[in-house]
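What follows is a set of notes on a single structure, which appears directly below.
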Amino acid sequence: MNMPSNTLLEVDRLAVEFRTRGGTVRALENVSLALAEGETVGLVGESGSGKSVLSFAAMGIQDAAARITAGAIRFAGQDLLAKKGAAMKALRGREMAMIFQNPRVALNPIRQVGRQIEDVLARHTDLLPAARRARAIECLAEVRIPDPERRYAAYPFELSGGMCQRVMIAIALACKPRLLIADEPTTGLDVTTQAAIMRLVRELSAERRMATLLITHDLGMAREYCDRIAVMHAGHIVEVGPTEALFAAPRHPYTERLIAATPVGAASLAELAAIDGNLPDLRRNDLPACRFAERCPRRGAECERPLALAPADGASATHLIACHRPLTAAATEARHAAFA
Amino acid sequence: MIQAILKRLLGAVPAIIGVVIVTFVLTRALPGDPAAYFAGPAGSTEAIEEIRVKLGLDRSLPEQFVSYVGDLVRGDWGNSLTTGQPVLAEIADRLPASLELTLVGLLLAVVVAIPLGVLAATRPGSWIDHLCRGITTAGVSLPTFFTGLLLAYVFYFLLGWAPSPLGRLDPYTTAPDFVTGFYLIDSLIAGELDTFVSAAKQLILPAITLALFVLAPLARMTRASMLGVLSADFIRTARASGLRPTTVLFTYAFRNALLPVLTTLGMVFSFLLGSNVLVEKVFAWPGIGSFAIEALVASDYAPVQGFVLAMALLYVLLNLLIDVAYGLVDPRARLEA
Amino acid sequence: MSATPSAATPATPVAAARPGAVALWWRNLCYVFGENPLSAIAAGLFVFFIVLAALGPWLVPYDPLASHVGDPLSPPSAAHWFGTDALGRDILSRVIIATRLDLGIAVAAVALSFVVGGLMGSFAGYFGGWFDRISTRVSDTIMAFPLFVLAMGIVAAMGNTVANIVLATAIINLPFYLRVARAEVRVRRDAGFVEAARLAGNGELRVLFHHLIPNILPPMMVQISLNMGWAILNAAGLSFIGLGVRPPEAEWGIMVAEGAQYIVSGEWWIALFPGLVLMLAVFCFNLLGDSLRDLIDPRRRT
């Protein structure tokens, strides 16, 4: 794969497994993804497709049962998987930060929010307590929280969900990280708050030229906020490309179905198509090379051959798919022209 | 904060009323006719009638209740037939001994149980987790009076490490001047180190006996609560922020895990105060428990009723303290109060 | 300890038991035993104690009440496996014969609080209103006492008999059953299958007794087995301080009390054996309780 020269995060052929009582779950396999500085990339897919597993692995906070069996993760040229615990912890929260869904339960319920920001500052900076407090209040102001001095002493239960998410963003951005991973940051918030939070994330990312990985199952949101989009299915990245190209001419059948299943893409509810079948059981030993094959209307004999991401025919070099029988650009463009 | 505490105090009022009603009912349910009982086996019919009037037993139950409550408030909890002393004075005299034993027992249990529970929760499946499991299941199965005897046999009779299990001090030591009634503290205040050592030696076996019994619920709750908290979303946030493991464990996980443990402490106190009676009997500990047992054996009921009431009030008070402590740890509880 | 009532856990309605339910239950049973071999030991112990309680009089080597069947205060020997006490009674025989009384007291007390507490709790949970308020108040008042102390007070006031030991133990156990039953009925009160039964023209009482109460039995059973050990401990504790059972009757608590004065002079066997057997019995019931909870409510496996 050709990488842009200013690559910040690079996930290279990563494989992650979970050993469970019921068998080994092959949660990620051969996953490659790169983020350049200042770029916002969307990671989309159904629940259970491995989006969070990927982001947790990148942050080094994966579950104890998770094992990285192959591949590499590089951040600003450093091999993250080779880093010892302490070195990795020093990176987390300072260079790379993460915000989560359901902000109300993602904050310590019995600690003042300002103190929670200070905890991060105390860990990663040499600020003295008084300066830490001032900086924490500044962080609250940066995420547009009104009256930050007073809100410093608030507990999460005293704040709305949107406010809690702002606090979480303040915690994540307190040390001015170069990479922000936002794991469904608007899940659990009401619609107007969702938009406000996403605008805030976009503004702050632009201001600081911060790379942002937005994990979401909301294609409309990904389309609105992301430069590029990666589509995940059952632990594989099946398609990755510039947002507009991907929406205008999805080449992987799964992406095509996903877009058709989203209100943004379909003209009417009648045209909203559900995706047949479910994600395959990732504990199976006989998982096909293409994990979408069993749900795919276009599958053929060649679909059992090994598969890797490669530039799609007739698309730009940055538009990659993992499919033996992709849709042709012309066909999908014609269909989607109707909704454009 | 003061306001919150006052509100909690008010919240304890129904419990106190309930306790007083129950003890009243228990007093009136004395076996046979209390008047005949107080008149003694030789009492004539007139004498019994006289006592009946004197005790107010001829009046209606509500009237009797009012005068009962009046007596309680005035500090008249009746007299012990065996010692002839007012019950309240006897209880006040012996309470420090019981409290000292109970609190040291609780302290020992907490000091062992909480780290054990935390370690078990942070290393699930490890030997310490299995140890914790074993202790929690075995611990609740121990009859306190039996463990007490066993400890006395091993450490006094076999090994000779502990003094003879009789009372709070060995016979050659005199009690320190009364300040708090806790010998450990009073002896230090008086600067009598020998007395302190003697008191500590006497205290250690009964305190361990108590601790062994309440260790189990505490460790079990700490482990369960810690396991729950460690998988909470905010712990993941803390880890994603790169906070040090110790910060995550103590500032984030442990303080949150403490809340259910505090709630359990109410139940633990119930067990402690109950087992205290048994342990006092085993170690001839001169507290209110052995006082009540002596009275029970002598069919002397006023001290028994006084003991039940005192224990219940003490328990209500302890629960109140737990509530206040809970409010200190959990800001949400402060708001509700 | 674990007697704290569980948060209500709605389970599959019993009435709608699927054909695979037995198989599933069996699988769970195997899982519980396989995962925790102690459960199997506990089950074995349980059978052992039942046999002792049922066949005690035919198993004893000596008359448990007869003095001087051996030399007083003789240590364990081939003739007297557990030794003899100060009156020369055979301790093994006394320990065996006491099983029936100890378990009997606990079973009677637990059964009483199960029935009374379960019914009160079910009514309170189903109908709410004044009955709910009163029964909640009653249970709160009981819980306002250190429970063992309350039991002491009750026995002291009502009279020093075995029946009153049972009653006192039942009273202090009552709140646990009341709370579990109330919570379990409340969460199911408006469930679909209850609504369906009501719409089918069943009266409220019929709905409660035929549709709700069968469904709260599993959590109540767990409560019973978790409580049994504690009930045995309480009853033995009361006899230890001289309440209830009178000498010369054999009972574990009282036997430990009788042996207490000899332990400091080295005659350990008088208190040790009844104490050990008591401990074993309580341990057995606590283990069974844990296993039963795992079996009935697999989500709470810890």
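The values are calculated or read from the model by the stated rules, or taken from the named source; none is laboratory data. Being a predicted model, the structure only gives us computed values, none of them experimental. In this analysis, Cβ positions are derived from the backbone assuming ideal geometry, glycine residues included, and neighbour counts consider all displayed protein chains. The protein model used for the area step is the full one, side chains on, heavy atoms only, and it has no ligands, DNA or RNA in it. Shrake-Rupley method; radii C 1.70, N 1.55, O 1.52, S 1.80 Å.
Observations
- Rg and Dmax of chain B, Cα atoms only, in Å: 23.8, 85
- Here the 3J(HN,Hα) profile of the stretch B:288-294, calculated from phi with Karplus coefficients 6.51, -1.76 and 1.60 at θ = phi - 60°, is 6, x, 5, 4, 5, 5, 4 Hz, Gly and Pro shown as x.
- Between A:VAL105 and A:ASP190, the modelled label-to-label distance comes to 2.1 nm, taking each label 7 Å out from Cα in the direction of the beta carbon.
- Cα→Cβ-extended label distance, 7 Å offset, between C:TRP130 and B:VAL154, nm: 5.7
- Relative to the longest principal axis of the Cα atoms of chain B, the long axis of helix B:255-282 lies at roughly 40 degrees.
- Take C:ARG182: with every protein chain present and a 1.4 Å probe, its accessible area is about 60 Å².
- Debye intensity ratio in log₁₀ form over the Cα atoms of the protein assembly as shown, taken at each q of 0.05, 0.09, 0.10 Å⁻¹: -0.42, -1.09, -1.23
- Semi-axes of the equivalent ellipsoid of chain A are 36, 23, 18 Å, computed as sqrt(5λ) over the eigenvalues of the C-alpha gyration tensor in descending order.
- Backbone phi angles across the stretch B:215-221, fed through the Karplus curve with coefficients 6.51, -1.76 and 1.60 (θ = phi - 60°), yield HN-Hα couplings of 4, 4, x, 5, 5, 4, 5 Hz in residue order; Gly and Pro are listed as x.
- The stretch A:50-102 shape via C-alpha gyration tensor axes, a/c threshold 1.5: oblate
- Computed helical MRE - 222 nm, chain A, DSSP H runs ≥ 4 contributing -39500 (n - 2.57), nearest 500: -9000 deg cm²/dmol
- Interchain or long-range residues, amide H under 5 Å from A:ASN30's placed H: A:LEU14, A:ALA15
- Peptide A:109-116, shielding by other chains (average Cβ, 10 Å cutoff): 4
- Positive-end extreme of charge dipole, the protein assembly as shown - chosen from B:PHE182, A:CYS303, A:LEU180 (charges on Cβ): A:CYS303
- Only DSSP H runs of four or more residues enter the estimate; each adds -39500 (n - 2.57), and after division by the residues of chain B the mean residue ellipticity at 222 nm equals -23500 deg cm²/dmol.
- Gyration tensor verdict on the stretch A:197-244 (Cα atoms; rounded if a/c is under 1.5, prolate if a/b is larger than b/c, oblate otherwise): prolate
- Its Cα centre serving as origin, the stretch B:90-288 has a Cβ charge dipole (Lys and Arg +1, Asp and Glu -1) of approximately 1100 debye.
- Degrees, to the nearest 10: B:13-28 long Cα axis against longest axis of chain B: 40
- Against chain B, whose longest principal axis is taken from its Cα atoms, helix B:301-329 shows a tilt of about 30°.
- Evaluated on the stretch B:90-288, the Kirkwood hydrodynamic radius is 18.3 Å, with distances taken between all distinct Cα atoms.
- Between the stretch A:12-67 and the stretch A:281-310, the Cα center-to-center distance that results, in Å: 19
- Between B:SER231 and A:SER160, the modelled label-to-label distance comes to 3.3 nm, taking each label 7 Å out from Cα in the direction of the beta carbon.
- Helices that extend 20 Å or more along their long axis by alpha-carbon positions and average at least -1.0 on the Kyte-Doolittle scale are, among the DSSP H runs of chain A, A:191-208.
- Computed E for B:SER164/C:ARG246 - FRET, C-beta separation, R0 30 angstrom, nearest 0.05: 0.55
- Efficiency of FRET from Cβ geometry, C:ARG206 and B:ASP71, R₀ 45 Å, rounded to 0.05: 0.35
- Reach of B:LYS201 by Cα under 18 Å, taken over lysines that are not fewer than 8 positions away in the same chain: B:LYS281
- The charge dipole of chain C, taken about its Cα centre with unit charges on the Cβ of Lys, Arg, Asp and Glu (plus for the first two, minus for the last two), comes to roughly 1200 debye.
- For the stretch B:190-337, the alpha carbon convex hull comes to 172 Å³ per residue, rounded to a whole number.
- Given their separation in residues at 0.36 nm each and the Cα-Cα distance between them, B:GLN85 and B:LEU6 gain 24.9 nm when the chain is fully extended.
- When each of the peptides C:224-237, A:43-56 is scored by the mean number of other C-beta atoms lying within 10 Å of its residues, the order from highest to lowest reads C:224-237, A:43-56.
- Of the residues B:TYR153, B:LEU210, B:LEU99, the one whose Cα sits farthest toward the positive end of the charge dipole of the stretch B:90-288, with +1 on the Cβ of Lys and Arg and -1 on the Cβ of Asp and Glu, is B:LEU210.
- Alpha-carbon Debye profile of the stretch A:154-216, log10 I(q)/I(0) at 0.16, 0.24, 0.26 Å⁻¹: -0.50, -1.07, -1.21
- For B:THR246, solvent-accessible area (1.4 Å; no DNA, RNA or ligand), Å²: 80
- Scaled radius of gyration (Cα, divided by 2.2 N^0.38 Å) that the stretch A:1-114 gives: 1.15
- When you count the other C-beta atoms within 10 angstrom of each residue and take the mean per peptide, A:205-215, C:94-104 line up highest first as C:94-104, A:205-215.
- Phi-based couplings in Hz for the stretch A:215-227 (Karplus 6.51, -1.76, 1.60; Gly and Pro marked x): 9, 7, 9, 9, 5, x, 5, 4, 5, 6, 10, 10, 7
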